[in-house]
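Have a look at the structure below before the remarks.
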Amino acid sequence: APDSQTISAGEDFVIELKASDTTGRNIFGYEFDFLYDPEVITPQANPCDSAGTLSDMSAGRTVLCNPVSPGLLRVVMYSSTGVPVSGEGVSLKLNFTAVGAGGASSRLKFENFMFNEGIPGEAAID
């Protein structure tokens, strides 16, 4: 069963995106669209947090998060140092706030996910 959280309206929460072992895969970047129900959750002012993750910006990586429209958050990460991502675990944290009524729920969905420019080809699980 997929992971789920129960959050009260007005409460901030974090969605941790996890990656399997990236070591030796020559991953220098990734991008994806993150879809959610804007009637239930909304991104915080700084929706992406890479501190302590595989995408940590202190390692010469840049993470851009753009809440394009309600229900769509576009995310891009790239390395400006030429050092690939290595390891497994949390790759990025997304910061949201619950805004829906009691009992409301939001499916979280990835679209257009790719590492680098499609190589290696991997699948994202909602």
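The values are calculated or read from the model by the stated rules, or taken from the named source; none is laboratory data. No experiment lies behind these values; they were computed from the predicted model shown. Heads up, the Cβs are rebuilt from the backbone with ideal geometry, glycines too, and the neighbour counts pull from every protein chain shown.
When you scan the stretch 19-55, how many residues do you find that are in a loop (DSSP other than H, G, I, E, B), over 15 Å from Lys109 (Cα atoms), touching a Lys or Arg at 6+ places or on another chain (Cβ under 9 Å) and of a type in the set (Asp, Glu)?
Final tally of qualifying residues: 0.
Filter the stretch 19-49 for residues that are farther than 18 Å from Thr97 by Cα and of a type in the set (Ser, Thr, Tyr) and give the result. Before you say what the answer is, go through the steps one by one.
Let us first name the residues in the stretch 19-49 that are farther than 18 Å from Thr97 by Cα, namely 19-33.
Within the stretch 19-49, Ser20, Thr22, Thr23, Tyr30 meet the criteria.
Counting only residues that are of a type in the set (S, T, N, Q), within 15 Å of Pro38 (Cβ to Cβ) and buried (at least 16 other Cβ atoms within 10 Å of the Cβ), how many does the stretch 65-94 have?
Count: 0.
Would the stretch 47-64 turn up any residue that is closer than 15 Å to Ile15 by Cβ, surrounded by 15 or more Cβ atoms within 10 Å (Cβ to Cβ) and more than 13 Å from the chain's Cα centre (by Cα)?
No, the stretch 47-64 has no match at all.
Just a yes or no: is a residue in the stretch 46-60 small (Gly, Ala, Ser) and touching a helix residue (DSSP H, G or I) at 6+ places or on another chain (Cβ under 9 Å)?
Residues of the stretch 46-60 small (Gly, Ala, Ser): 50-52, 55, 58-60.
Add one more test, that the residue is touching a helix residue (DSSP H, G or I) at 6+ places or on another chain (Cβ under 9 Å), and what stays is 50-51.
Yes, that holds for at least one residue.
Would you call Glu16 more than 28 Å from Ala101 (Cα to Cα), modelled with pLDDT of 90 or more and assigned to a strand (DSSP E or B)?
Values: more than 28 Å from Ala101 (Cα to Cα): no; modelled with pLDDT of 90 or more: yes; assigned to a strand (DSSP E or B): yes.
Here the answer is no, as Glu16 does not meet what is asked.
Going through the stretch 65-98 one residue at a time, which ones are more than 13 Å from the chain's Cα centre (by Cα) and either at pLDDT 95 or above or not in a loop (DSSP other than H, G, I, E, B) (or both)? Explain how you work it out, then say what you get.
Restricting attention to the stretch 65-98, the residues satisfying the condition of being more than 13 Å from the chain's Cα centre (by Cα) are 68-71, 78-88, 97-98.
Correct list: Val68, Ser69, Pro70, Gly71, Tyr78, Ser79, Val85, Thr97, Ala98.
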